[in-house]
Amino acid sequence: MSATMATIIDGKAAAAKIREEARLRAGLLSGAGVRPCLAVIIAGEDPASLSYVAAKEKALAEAGMESLDIRLPADVGESRLLETIAGLNADEKVHGILVQLPLPSHVGEDRVITAIDPAKDVDGFHPVSVGNMVLGRPGFLPCTPNGILALLGGLPVSLSGAHAVVVGRSNIVGKPLANLLVRRESNATVTICHTGTVDLASHTLRADILIAAAGKAGLIKADMVRPGAIVIDVGVNRVADPSAAKGYRLCGDVDFPEVAKKAGHLTPVPGGVGPMTIAMLLRNVVQAAERQAAFRS
Ligand code: NAD
């Protein structure tokens, strides 16, 4: 390895610490008769969604928490989904509700998410959660942006005054992440880039912290990165690879081998942001259970 190679940020190791903390907190609750439980709703058979749900449920079990797996057919009606959520909202044994996205296209995603009781909205996608986040009030923070913030917090650099460039403006990654970075506690100066951005490289080159969340394999090339920058790769893209057992491999939005020669710190895919997303979900489920237990006692 050359002396100029980026430090690879170990998302698995950072996530393991958060998962252990969640396991201890879940153990305390279980000892008091409250076993944290997440209901996971999945509609249809999308292979990526099924594998995300399996990973989340495995992590919950390893942290001593329960998951209630609710599988619905791809042609499920919106009213059935809404009834299912109403039942889970009323169920005292269920502390968190997660609807795996994307939902089948005939279902109104917004209406389904808005049906979740904000007290159980551990994904942080409900408009009330989003509003609380923007206002800096207590509430559930969305897992991927919060996980990225935790990764950045573990680096020996200050976010304060840094220029963060976020590539992507989705409601689940780009927008909330930009919002968390601009908070006074983070104190970064934030630029948000998207498909309407002219000359993407002119923005990314000015980034002390570059976050790629576009879902486009290899979008960020080495000549778009400032030397020594912190680069966080959120993208998870399936790229055809006949030599792989599954016929594809996963890669991020960043041209990893080339950018590793230029960046100061860089997250790998897999093993960077992904594990942090799951760790933050566990933390939110424990937090939901703690709050609900305190409210009822
Ligand atoms: P999305 O498709 O909803 O949003 C992508 C955003 O990127 C859009 O706002 C779009 O404007 C922008 N974009 C797309 N192409 C661009 C380009 N060429 N130049 C500039 N901007 C561009 O996706 P999403 O849900 O935000 O997810 C983004 C990526 O992150 C996906 O690969 C997804 O799989 C991944 N993801 C990973 C995790 C994780 O835990 N690791 C979690 C969520 C999403």
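The values are calculated or read from the model by the stated rules, or taken from the named source; none is laboratory data. Quick caveat, the model's predicted, so the values are computed rather than measured. Ideal geometry is used to build each Cβ from the backbone, glycine not excepted, and the neighbour counts take in all protein chains shown. The area values use the complete protein model at the heavy-atom level, side chains included, leaving out ligands, DNA and RNA. Shrake-Rupley method; radii C 1.70, N 1.55, O 1.52, S 1.80 Å.
Things worth noting here:
- Ranking of MET276, MET5 by solvent-accessible surface, largest first: MET5, MET276 (1.4 Å probe, protein heavy atoms only, all chains present).
- Hypothetical label at GLU258: residues of the stretch 226-250 whose amide nitrogen lies under 20 Å (7 Å Cα-Cβ projection): 226-241, 249-250
- In degrees, nearest ten, helix 47-62 long axis to first principal axis of the chain (Cα): 70 degrees
- Assigned charges on the beta-carbon of Lys, Arg, Asp, Glu; the chain dipole about Cα centre (debye): 620 debye
- Each of THR114, MET133, PRO102 was scored by the projection of its Cα onto the charge dipole of the stretch 101-140, and the greatest displacement toward the positive side belongs to MET133; charges sit on the C-beta of Lys, Arg, Asp and Glu.
- Figure note: PHE295, PHE256 ranked by solvent-accessible area, largest first, 1.4 Å probe, ligands and nucleic acids not counted: PHE295, PHE256.
- In the stretch 131-202, the C-alpha radius of gyration followed by the widest Cα-Cα span (Dmax) gives 12.3, 37 angstrom.
- Computed Rg/Rh of the stretch 33-117, alpha carbon atoms with Kirkwood Rh: 0.96
- Point-charge dipole on Cβ atoms (K/R +1, D/E -1) for the stretch 33-117, about Cα centre, debye to 20: 180 debye
- Other residues whose C-beta falls under 12 angstrom from the C-beta of VAL231 contribute a net charge of -1, scoring Lys and Arg +1 and Asp and Glu -1.
- Descending semi-axes in whole angstrom, ellipsoid equivalent of the chain, from the Cα gyration tensor: 33, 21, 19
- Between the helical axis of 143-153 and the longest alpha-carbon principal axis of the chain there is an angle of about 50 degrees.
- If the convex hull is drawn through the Cα atoms of the stretch 142-274, its volume per residue in Å³: 107 Å³
- Among the listed pairs LYS17/LYS221; LYS216/LYS261; LYS216/LYS262; LYS17/LYS93; LYS12/LYS58; LYS58/LYS221, those beyond 24 Å (Cα-Cα): LYS17/LYS221; LYS17/LYS93; LYS58/LYS221
- Extension gain for ALA245-SER105 works out to 47.4 nm (0.36 nm per residue, less the C-alpha to C-alpha distance).
- Computed with every protein chain present, the accessible area of CYS143 is close to 10 Å² [probe 1.4 Å].
- Scoring 50-56, 146-152 by mean Cβ neighbours within 10 Å over their residues and listing the highest first yields 146-152, 50-56.
- Accessible area per residue (1.4 Å probe, heavy atoms of protein chains only) ranks HIS163, HIS194 as HIS194, HIS163, with the largest value leading.
- The stretch 250-288 residues near the modelled ALA13 label - backbone nitrogen below 14 Å, point 7 Å along Cα→Cβ: 266-268, 272
- Linear extension gain, THR189 paired with ALA61, 0.36 nm per residue minus alpha-carbon span: 42.2 nm
- Tilt relative to the chain, helix 78-90 - C-alpha long axis, 0 to 90 degrees, to 10: 70 degrees
- If a spin label sat at a point 7 angstrom from the Cα of ASP223 along the line to its beta carbon, the backbone N atoms of the stretch 191-213 nearer than 13 Å would be those of 201-202.
- Fully extended contour minus Cα-Cα distance, from ARG238 to LEU68, at 0.36 nm per residue: 58.4 nm
- Rg/Rh for the stretch 247-297, where both radii come from Cα atoms and Rh is the Kirkwood radius: 1.29
- Accessible area of the chain divided out per residue, in Å², using a probe of 1.4 angstrom: 47 Å²
- Dipole of the chain [Lys/Arg +1, Asp/Glu -1 at C-beta], most positive-end residue of ALA244, LEU88, ILE148: ILE148
- Peptides 244-250, 34-40 ordered by average Cβ neighbours within 10 Å, highest first: 34-40, 244-250
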